[in-house]
Amino acid sequence: MARVYNFSAGPAVLPEEVLKEAADEMLDYRGCGMSVMEMSHRSQMFADIIETAEADLRELMNIPDNYKVLFLQGGASQQFSAIPMNLMKNKVADYIITGQWAKKACQEAQRYGKVNIIASSEDKTYTYIPDCSDLPISEDADYVYVCWNNTIYGTKYNKVPNTKGKILVADMSSSILSEPVNVEDFGVIYFGVQKNVGPAGVVICIIREDLITDDVLPGTPTMLKWKTQADANSLYNTPPCYGIYICGKVFQWLKKQGGLEAMKQRNEEKAKLLYDFLDQSELFKGTVEKKDRSLMNVPFVTGDKDLDAKFVAEAKAEGLENLKGHRTVGGMRASIYNAMPKAGVEKLVAFMKKFEEENK
Ligand code: PMP
């Protein structure tokens with residue numbers, strides 16, 4: 001078996017231990033004679049799986065008791081609609097635009113109410129995070145929305161925006177569990193799991209209890225009302241059982257690694273290897289402002305499209321896969337999520353050095 005180093009932005013690399021464990025349990029989960037894919041979501045076996053997953057996530061993130069954890073479907077994109085539907089009481093929201101995912105969420109919210117763009121880094125192709133210390137927050141805003149880590153552009157907030165008392169909603173799809181965050185700074189944290197946690201098909205929402213109400217926009221589908229799933233402990237309908245099971249295994253793996261402080265340290269070490277190389281390279285260049293660099297997604301370019309393509313092809317031949325940048329920005333992007341071993345980043349940097357020597 002030859003596993004590659006997979007730098008995909010998502011779906012992305014998962015811990016090998018988790019995959020092996022899942023393989024071992026595939027035909028007969030803990031003596032029950034069937035796989036997790038085949039068991040009833042109403043069974044005690046599955047109740048144990050989802051309850052343990054939630055408890056482990058709560059422990060890892062230190063989630064306070066007054067926050068609900070919902071395991072949902074529809075991807076992060078479905079929450080682009082659910083958020084305004086559940087939160088727009090005044091039908092006003094403030095969005096900070098730091099990339100395509102924030103922009104898409106903003107466009108969706110515009111279907112439901114008045115949306116103010118209170119900051120944006122579009123002027124410099126999203127290569128930085130705007131100063132969010134004194135924003136023109138709307139007096140009647142129901143919430144302020146951010147995309148915490150920008151998967152495509154490779155930027156991340158390092159400071160919680162000053163929302164002047166308004167509820168902060170954050171899409172943390174591409175940085176969740178990569179380092180600790182203070183959950184209480186947010187009204188809603190949500191993430192599609194297919195980058196740093198598990199297989200595509202699960203989106204997890206961590207929502208302050210008082211924001212989960214029956215007072216939603218008229219016409220909100222039952223399935224998009226957070227209260228529906230909160231009242232049913234995420235089992236209103238059949239949940240993505242197998243995906244939740246894998247997420248649970250990744251949470252246990254993270255606990256074994258030492259939790260989020262340990263992951264932060266490891267992620268900083270991995271990212272530093274790559275950024276330090278980029279900073280001295282005469283061929284490759286990082287594309288974002290240093291102060292706003294993501295620990296998870298590292299975009300870089302040579303400045304020459306053909307050379308970029310050559311790099312991606314030769315890297316692939318070396319077992320370094322999925323390094324092509326997002327189709328809207330070109331160049332390269334290395335996604336180095338929790339499950340990417342340091343050896344993978346070391347191999348990438350060694351290959352970049354060699355490529356630079358050969359293509360100067
Ligand atoms: N938000 C961010 C930050 C993302 O990176 C992505 C996916 N690449 C999305 C939202 C959309 O996620 P989904 O495909 O689960 O709807």
Exercise. Collect the residues in region 23-79 that are among the hydroxyl-bearing types (S, T, Y) and within 26 Å of K256 (Cα to Cα), keeping them in residue-number order.
Key: Y29, S35, T52, Y67
Self-check item: Residue identified as surrounded by fewer than 19 Cβ atoms within 10 Å (Cβ to Cβ), modelled with pLDDT of 95 or more and under 24 Å from the mean Cα position of the chain (by Cα) among Q73, Q79
Solution: Q73
Quiz item: Consider I129 against the criteria (1) more than 16 Å from the ligand (Cβ to nearest atom); (2) in contact with a helix residue (DSSP H, G or I) (Cβ under 8 Å, 6 or more places away or on another chain): it satisfies all of them except one. Which criterion is unmet?
Solution: (1)
Exercise. Give the residues of region 241-260 that are within 18 Å of I336 (Cβ to Cβ) and out of contact with any Lys or Arg (no Cβ under 9 Å at 6 or more places or on another chain), sorted by residue number.
Key: V250, W253, L254, L260
Self-check item: Odd one out for Y145, checked against (1) farther than 25 Å from W253 by Cβ; (2) part of a loop (DSSP other than H, G, I, E, B)
Solution: (2)
Quiz prompt | Some residue of region 182-199 being basic (K, R) and either buried (at least 24 other Cβ atoms within 10 Å of the Cβ) or in contact (Cβ under 8 Å) with a residue 24 or more places away in the chain (or both) | solution = yes
Quiz prompt | So D123, is it assigned by TED's automatic domain parsing to the domain that holds V181 and surrounded by fewer than 18 Cβ atoms within 10 Å (Cβ to Cβ) | solution = yes
Quiz item: Out of all the residues in region 188-216, which are hydroxyl-bearing (S, T, Y), more than 16 Å from the ligand (Cβ to nearest atom) and within 24 Å of I246 (Cβ to Cβ)?
Solution: none
Quiz item: Within the set of pairs 6 or more residues apart or between chains, which connect a residue that is farther than 15 Å from I167 by Cβ and of a type in the set (V, I, T) inside region 66-90 to a residue that is within 16 Å of the ligand (Cβ to nearest atom) and modelled with pLDDT of 95 or more with Cβ atoms less than 6 Å apart?
Solution: V69/I206
Quiz item: Would a scan of region 234-252 turn up a residue that is aliphatic (A, V, I, L, M), within 22 Å of the chain's Cα centre (by Cα), within 16 Å of the ligand (Cβ to nearest atom) and closer than 25 Å to A119 by Cβ?
Solution: no
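The values are calculated or read from the model by the stated rules, or taken from the named source; none is laboratory data. The model shown is predicted, which means the values in this text are computed figures rather than measured ones. All Cβ positions, even for glycine, are placed from backbone atoms using ideal geometry, and neighbour counts span all protein chains on display.
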